[in-house]
1. Would you be able to say whether some residue in the range 39-53 is of a type outside the set (A, V, I, L, M), part of a loop (DSSP other than H, G, I, E, B) and in contact with a Leu (Cβ under 9 Å, 6 or more places away or on another chain)?
2. Residues of the range 1-31 being in a helix (DSSP H, G or I), under 21 Å from L99 (Cβ atoms) and not aliphatic (A, V, I, L, M), which ones?
3. Checking Y134 against (1) open to solvent by less than 70 Å² (accessible area, probe 1.4 Å); (2) free of Cβ contacts under 8 Å to residues at least 60 places away in the same chain, only one condition comes out false. Which one?
4. Pairs please, first residue from the range 97-125 and without any contact (Cβ under 8 Å) to a residue 12 or more places away in the chain, second anywhere and surrounded by fewer than 13 Cβ atoms within 10 Å (Cβ to Cβ) and among the hydrophobic types (A, V, I, L, M, F, W, C), Cβ atoms under 9 Å, 6+ apart in sequence or on different chains.
Amino acid sequence: DEEDNIIRDLRFVKFSPFSLIYEGTVLANQAVFLNRKIFKKYGYLDENYKFAMDYEFWVRIRYAKFYFIREFLGSFRLHKEAKTSKIKDIGMEEHNKVLIKYGCNPNRLKFQLFKKISKFRRSLLYLFQGDWDYVINGILK
């Protein structure tokens, strides 16, 4: 928060293009390191987006090679003045535009079903990597 208190930790599992589409940003931007070749091949962030420029970029490069490192590499601050807190409605609108741009309709029943499957898959992966406490805390919230 704005006082540097830890509100919660976010844990991740190995990257999946499927989860990226059906769950949203499943990467910690603050802990992603990219080779210059990625930008040469796929281009840079689309600055036409105010909120979802990173999500659009992840979707565009979703079939690139990703390596999962199970270490704490970064953090972010969430508070009432943060962009994430102030323009959440714009973020959801842009997020849906990205999905539609890449051929997915978030309003379709099939999309909603795959979203549930993806979340179940992620929960299993947390368990397999030993994050039982994280799954239990998520269920209890």
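The values are calculated or read from the model by the stated rules, or taken from the named source; none is laboratory data. Note that this is a predicted model, so its numbers are computed, not measured. Here the Cβ positions follow ideal geometry from the backbone for every residue, glycine too, while neighbour counts run over all protein chains shown. Accessible surface areas use protein heavy atoms only, side chains included; no ligands, DNA or RNA. Shrake-Rupley method; radii C 1.70, N 1.55, O 1.52, S 1.80 Å.
1. First, the residues of the range 39-53 that are of a type outside the set (A, V, I, L, M): 39-44, 46-51.
So of that shortlist, the ones also part of a loop (DSSP other than H, G, I, E, B) come out as 43-44, 46-51.
Next cut, in contact with a Leu (Cβ under 9 Å, 6 or more places away or on another chain) only: none.
No, the range 39-53 contains no residue that is of a type outside the set (A, V, I, L, M), part of a loop (DSSP other than H, G, I, E, B) and in contact with a Leu (Cβ under 9 Å, 6 or more places away or on another chain).
2. Within the range 1-31, P17, F18, S19, Y22, E23, N29 qualify.
3. Only one criterion is unmet by Y134, namely (2).
4. From residues that are without any contact (Cβ under 8 Å) to a residue 12 or more places away in the chain, the pairs are P106/I100.
Yes/no per residue for (1) β-branched (V, I, T); (2) touching a helix residue (DSSP H, G or I) at 6+ places or on another chain (Cβ under 7 Å); (3) modelled with pLDDT of 90 or more; (4) crowded, with 18+ Cβ neighbours inside 10 Å:
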{"residue": "R8", "(1), (2), (3), (4)": "no, no, no, no"}
{"residue": "P17", "(1), (2), (3), (4)": "no, no, yes, no"}
{"residue": "E23", "(1), (2), (3), (4)": "no, yes, yes, no"}
{"residue": "Q30", "(1), (2), (3), (4)": "no, no, no, no"}
{"residue": "Y42", "(1), (2), (3), (4)": "no, yes, yes, no"}
{"residue": "Y49", "(1), (2), (3), (4)": "no, yes, yes, yes"}
{"residue": "M53", "(1), (2), (3), (4)": "no, no, yes, no"}
